[in-house]
Amino acid sequence: MSAPTARVGHIGLQRDELTAVASQYYSKLPADLRGSFVLMIDPMLATGGSAVAALDLLKHAGARDVRMICIVAAPEGVALVEQHHPDVRIFTPAVDVGLNTHKFIVPGLGDFGDRLYGTT
């Protein structure tokens, strides 16, 4: 059996709960993504702001062949990604109804970070 050859990067973004604007707190990507097939994984695609910011970073690092995978999405987020990055295909098993006034997906999963880290 051969050793895995996949390279892994991480982009850390957090959304301000009042403004719904994403800010970057971390980025470590493999060098030269020009010839790479990139799978960008984000649990939830809500407003699309974080996804667009991450895709901007990936493209700046040379990525040209990018796919996005998320567990659940809102139509608003899908539309924003398609507007800014029409070449990126989005794979999701569920597109929920939309966003509530707090920019959370309805019905959604609840806060994914809280669920992941058991802080609910």
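So, of the residues in region 10-31 that are in contact with a Lys or Arg (Cβ under 6 Å, 6 or more places away or on another chain) and in a loop (DSSP other than H, G, I, E, B), which turns out to be modelled with the lowest pLDDT?
Filtering region 10-31 for residues in contact with a Lys or Arg (Cβ under 6 Å, 6 or more places away or on another chain) gives 10, 20, 22, 30.
Pick out the ones that are also in a loop (DSSP other than H, G, I, E, B) and you get 20, 30.
Working: A20: 76, P30: 94.
Top of the filtered list is A20.
Output yes when any residue across region 5-24 is closer than 14 Å to V81 by Cα and among the charged types (D, E, K, R), and no when none is.
no
Residues in region 10-57 that are more than 11 Å from the chain's Cα centre (by Cα), within 18 Å of F91 (Cβ to Cβ) and surrounded by 13 or more Cβ atoms within 10 Å (Cβ to Cβ): how many?
2
Would you confirm whether any residue within region 39-54 is modelled with pLDDT of 95 or more and either over 22 Å from I105 (Cβ atoms) or among the aromatic types (F, W, Y) (or both)?
no
Please go through region 89-112 and give me each residue that is buried (at least 16 other Cβ atoms within 10 Å of the Cβ), aliphatic (A, V, I, L, M) and touching a residue at least 40 places away in the same chain (Cβ under 8 Å), ordered by number.
Taking region 89-112 as the starting set, the residues that turn out to be buried (at least 16 other Cβ atoms within 10 Å of the Cβ) are 90, 92, 95-96, 99, 103-105, 108, 112.
Pick out the ones that are also aliphatic (A, V, I, L, M) and you get 90, 95, 99, 105.
Across region 89-112, the qualifying residues are I90, L99, I105.
Against the definition (β-branched (V, I, T), under 11 Å from the mean Cα position of the chain (by Cα) and under 20 Å from R7 (Cα atoms)), how does I90 come out, yes or no? Break it down stepwise before answering.
Numbers: β-branched (V, I, T): yes; under 11 Å from the mean Cα position of the chain (by Cα): yes; under 20 Å from R7 (Cα atoms): no.
No; evaluated as a whole, the condition is false for this residue.
Take D56 and tell me if it is out of contact with any His (no Cβ under 6 Å at 6 or more places or on another chain), more than 28 Å from T101 (Cβ to Cβ) and among the acidic types (D, E).
Answer is no for this residue.
Report the residue count in region 59-87 for those that are farther than 21 Å from A20 by Cβ and not charged (D, E, K, R). Working first, answer last.
Looking only at region 59-87, we keep the residues that are farther than 21 Å from A20 by Cβ, and these are 59-67, 69, 86-87.
Subsequent filtering for residues that are not charged (D, E, K, R) retains 60-63, 66, 69, 86.
Result for region 59-87: 7.
Checking the structure you have, find out if any residue of region 1-9 is farther than 18 Å from L99 by Cα and crowded, with 19+ Cβ neighbours inside 10 Å. Lay out the reasoning, then the answer.
First, the residues of region 1-9 that are farther than 18 Å from L99 by Cα: 1-9.
The next check asks that each one be crowded, with 19+ Cβ neighbours inside 10 Å; those that pass are none.
No, there is no match, as no residue in region 1-9 is farther than 18 Å from L99 by Cα and crowded, with 19+ Cβ neighbours inside 10 Å.
The values are calculated or read from the model by the stated rules, or taken from the named source; none is laboratory data. None of these values were measured; they are calculated from a predicted model. We place every Cβ from the backbone using ideal geometry, glycine too, and count neighbours over all the protein chains shown.
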